[in-house]
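The values are calculated or read from the model by the stated rules, or taken from the named source; none is laboratory data. Keep in mind that what you see is a predicted model, and the values were worked out from it rather than measured. Cβ coordinates were reconstructed from backbone atoms using ideal geometry, including for glycine residues, and neighbour counts include every protein chain displayed.
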Amino acid sequence: MASVLIVGGEGRAHALGWKLAQSPLVEQIYFAPGNGGTGAVGENLPIEVNDLSGLLKFAKKTKIDLTVVSPEQPLVDGIVDLFEAAGLPIFGPSAKAAMIEGSKVFSADFMLRHNIPHPASTPVSTLAEAKDYIKNRSPKDYVIKADGLAAGKGVIVPKAQAEAETALIKIMQKSILGEAGRQIVFQERLRGQEVSAFALSDGQKIIMLPFVQDHKQVFDGDRGPNTGGMGAYGPLPFMTSQLAERIKTEIMQPAIDGMRADGTPYRGLLYGGLFITEVGEPKAIEFNCRFGDPECQVLMMLVDEDLYPILMGCAQGNLTKDSIKLKTGSAAIVCLASKGYPGTAETGYEVKGLDKIKDPNVMIFHAGDKKENGKVITSAGRVLGVTAYGKDLKGALSKAYAQIGPKGIHFEHMHFRKDIGFRVLG
Ligand code: AMP
Ligand code: GLY
């Protein structure tokens, strides 16, 4: 029987651990560091995700059979290279392959070289060049992206030229994003449906997971500042099998083939951020080197087979399947956030009503909370995600919403979006 180490403490990490715990092959799950909910699935360790040597030491000592890395930073920092050098199986891309998310300049160039449909992209490294670029353009025609990892704050979709200019000065002159903003990329602005695509890969083959949409903005109607994600749902009712096949063969498989051809084979989960343009053309706006959060929670509710051998196959470069069994219904997640999120969050409140959840098709995936004296206490912006499975999207969403409120799950000053799914349900 296997033991698994999940690196992470977000809702995504909880969902991955929850799914893997159901495997008949898995005996023990560890989370580093986990959160206020993961203790119900495994053991939380006092090791942070950026303590790569601490993680390696633990995995060696405990003879961990498979390590699964949830967030991007340790991947970009080389955790996979470190574990592989020690002969330990680990799910995720190497540091070089994780560059696909770590640098927007790299990813734009990669898509161009490998004929992956994408919006026109122009990298720029000085403020003077950037000002020159926006001078004769309508701000409605482009978006601005900081090159490096910027925790969701690196993309500006300007409404007016003055807003674009202020953002450029903040990023390129005042360095508010640090190194991440040393270079920027201008990208042609696309319009249409945004879709997240997920492919599991062993470096060669891919297994596509369902397509999901998330809501990044904090307020109803997709207004307000961007967050990590306030809710998500899938599969998507407008996704035809023809469009799904095009995304697989024109975007996701070419990305895996391109990484291999470039000498940096990509193993792990490849997340494609896509637009289906108004004329129905799929285009990639970015790649991420890990599952989406909270999209992963939705996916884990939909997968209907043992995930352990599949993740192990990806890690060891010998995936034996090309598809995964899925449930026939839909899943949705509604994230509950602390006051102030996505700015500075007010935390330290008890999460109440967790004991009232009895429906086996409802899962609470914890994120920004911790357990203290038997109580679950809020500790960050996104506290938890109420996730539900139903026969269709409407059913899944109403089941999720039914759990939230004074008679269900609640905490002081919590806020959440009331309109998750409106883009497809109206
Ligand atoms: P990202 O951090 O790259 O996922 O971008 C954040 C958000 O900015 C995306 O979810 C889109 O809504 C928007 N965005 C990014 N690139 C583009 C683009 N080329 N055209 C239109 N919107 C974009
Ligand atoms: N939910 C968006 C992301 O994980 O990047």
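Odds and ends about this structure:
- Search result, residues across the range 174-197 that are under 18 Å from Ala151 (Cα atoms) and touching a strand residue (DSSP E or B) at 6+ places or on another chain (Cβ under 9 Å): Leu177, Ala180, Gly181, Arg182, Gln183, Ile184, Val185, Ser196
- When Arg267, Arg290 are screened for being among the charged types (D, E, K, R), closer than 24 Å to His14 by Cβ and touching a Cys at 6+ places or on another chain (Cβ under 8 Å), only Arg267 passes.
- Those residues of the range 206-256 which are assigned to a strand (DSSP E or B), within 16 Å of ligand 2 (Cβ to nearest atom) and among the aliphatic types (A, V, I, L, M), in sequence order: Val212, Val218, Met230, Ala232
- The listed residues are Phe31, Phe91, Phe83, and the only one of them that is of a type in the set (Phe, Trp, Tyr), within 30 Å of Lys352 (Cα to Cα), surrounded by 20 or more Cβ atoms within 10 Å (Cβ to Cβ) and modelled with pLDDT of 95 or more turns out to be Phe31.
- A residue that is under 30 Å from Pro309 (Cα atoms), within 16 Å of ligand 2 (Cβ to nearest atom) and assigned to a strand (DSSP E or B) cannot be found anywhere in the range 141-148.
- Scan the range 257-290 for residues that are closer than 22 Å to Leu425 by Cα and within 16 Å of ligand 2 (Cβ to nearest atom) and the total you get is 3.
- The range 345-360 - residue that is modelled with pLDDT of 95 or more, surrounded by fewer than 17 Cβ atoms within 10 Å (Cβ to Cβ) and farther than 17 Å from Lys407 by Cα and, of those, farthest from the chain's Cα centre (by Cα): Gly348
- Looking only at residues of the range 106-133 that are among the aliphatic types (A, V, I, L, M) and either within 16 Å of ligand 2 (Cβ to nearest atom) or surrounded by 19 or more Cβ atoms within 10 Å (Cβ to Cβ) (or both), we find that the one that is modelled with the lowest pLDDT is Ala108.
- Of all residues in the range 267-291, none that is under 17 Å from Asn115 (Cα atoms) and more than 13 Å from ligand 1 (Cβ to nearest atom) has its Cβ atom under 7 Å from the Cβ atom of a residue that is of a type in the set (Phe, Trp, Tyr) and not in a strand (DSSP E or B), 6 or more apart or on another chain.
- Of all residues in the range 311-324 being crowded, with 20+ Cβ neighbours inside 10 Å and not small (Gly, Ala, Ser), the one that is farthest from ligand 1 (Cβ to nearest atom): Met312
- Evaluating Phe219 against the criteria (1) within 22 Å of Val303 (Cα to Cα); (2) surrounded by fewer than 17 Cβ atoms within 10 Å (Cβ to Cβ) leaves one unmet condition, (1).
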